[in-house]
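All remarks here apply to the structure that follows.
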Amino acid sequence: MSGTFLQSNLWTLFKGSFGWEPYSFHYEGKLVNVLLRHFGKFFSLAYIPYAPIEQDKLEEISAYLKTLLPKGCVFIRYDLPWYVAQEGEWPDAPKSFHKAIMDIQPPSSVILNISRPLEEILKGTKERVRRNIKTAEKKGVAISCHGGEELQVWYDLYKETSDRDRISIHPLSYYQKLFELASNQKRFDVRLYLASVEGDAIAGIITMFDGKEATYLYGASANRKRETMPAYALQWRAIQDAKEAGCLEYDFFGIPPVDDPSHPMHGLYLFKTGWGGAIIHRPGCWDYPCRPVLYKLSRLYESARKWYYKKFKKNK
């Protein structure tokens, strides 16, 4: 199942470097990683991405985990890993769980089977994808692969992307830390790909290879030379490298829930689904309140925060 890196020691250490306190417990012989976020001296929340816990055990485990966490923990937030028919749904959700106001990991994605021959993978893409890969080749788009040494180049492009699309990004040190930690572990191979035309870097992506899984984590592009279709050349190179590294699937990691032309990220939906992968949906984030009264207040705060970032700030 894609996304297992979110339960890895690497990811726990990574998030632990930026305000989260790593915590873990054992469940039926499996290690479950938890991230704690503290608010002041007395309150906190617990976040568990893609926990290896069966659905029918989640309520029992939550009650047990509540006894282990600090008394000021307001709620436990789970990013549920299993697949559902529609994003956000959890048909058998216990009454003790509530759908979170905001999701953390993208509930919907496209997962491409790359265990097949490259010719078959390319044939399975939409005609638009194949055409744009050829366009990139004809217009001289060159793809280079790096570690973290070229992150400043990529980050300049990412800031341009942020300004254009009005998305929030982390400081450069955040992405540098990911490469630093990955370089000290054998399991993970984090790569930076840059697309250039005549030496001018115009786009870049960061991918993670983890055993049989490859994940596209971050993407950036300049406003210039977009007609050269660098995004297609980047993904095609990363897919080929992932296959060569022994990965069996390539996770594009995040799309809008449905094919809706009015959605602000509809272009992203068309781009990622164009590669012919399977569209999957997850329930997203669900909360187990530990302190019900404070949890209700936290929902009011998150609702206001969501409105500010999704509506007010985006429309300024």
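Observations on the model:
- Hits in the stretch 1-43 (condition: part of a helix (DSSP H, G or I) and modelled with pLDDT of 90 or more): Phe5, Leu6, Gln7, Asn9, Leu10, Trp11, Thr12, Leu13, Phe14, Lys15, Gly16
- Within the stretch 99-178, helices (runs of 4 or more DSSP H) holding 2 or more residues that are of a type in the set (Val, Ile, Thr): 127-138, 151-165
- None of Ile205, Ile169 is free of Cβ contacts under 8 Å to residues at least 24 places away in the same chain, assigned by TED's automatic domain parsing to the domain that holds Ile133 and either touching a helix residue (DSSP H, G or I) at 6+ places or on another chain (Cβ under 7 Å) or of a type in the set (D, E, K, R) (or both) except Ile169.
- The stretch 141-183, subset among the charged types (D, E, K, R) and closer than 23 Å to Gly19 by Cα, residue surrounded by the fewest Cβ atoms within 10 Å (Cβ to Cβ): Lys159
- Unmet criterion (only one of (1) of a type in the set (A, V, I, L, M, F, W, C); (2) more than 19 Å from the chain's Cα centre (by Cα); (3) in a helix (DSSP H, G or I)) for Ala201: (3)
- Here the stretch 174-225 is the region considered, the condition is being touching a strand residue (DSSP E or B) at 6+ places or on another chain (Cβ under 8 Å) and basic (Lys, Arg), and the residue that is nearest to Leu6 (Cα to Cα) is Arg187.
- Of all residues making up the stretch 172-188, the number that are polar (S, T, N, Q), over 14 Å from Thr12 (Cα atoms) and touching a residue at least 12 places away in the same chain (Cβ under 8 Å): 2
- Exclusive hit being in contact (Cβ under 8 Å) with a residue 12 or more places away in the chain and over 20 Å from the mean Cα position of the chain (by Cα), set Asp92, Asp56, Asp79, Asp103: Asp92
The values are calculated or read from the model by the stated rules, or taken from the named source; none is laboratory data. Small disclaimer: the values here were computed from a predicted structure and weren't measured. Cβ coordinates were reconstructed from backbone atoms using ideal geometry, including for glycine residues, and neighbour counts include every protein chain displayed.
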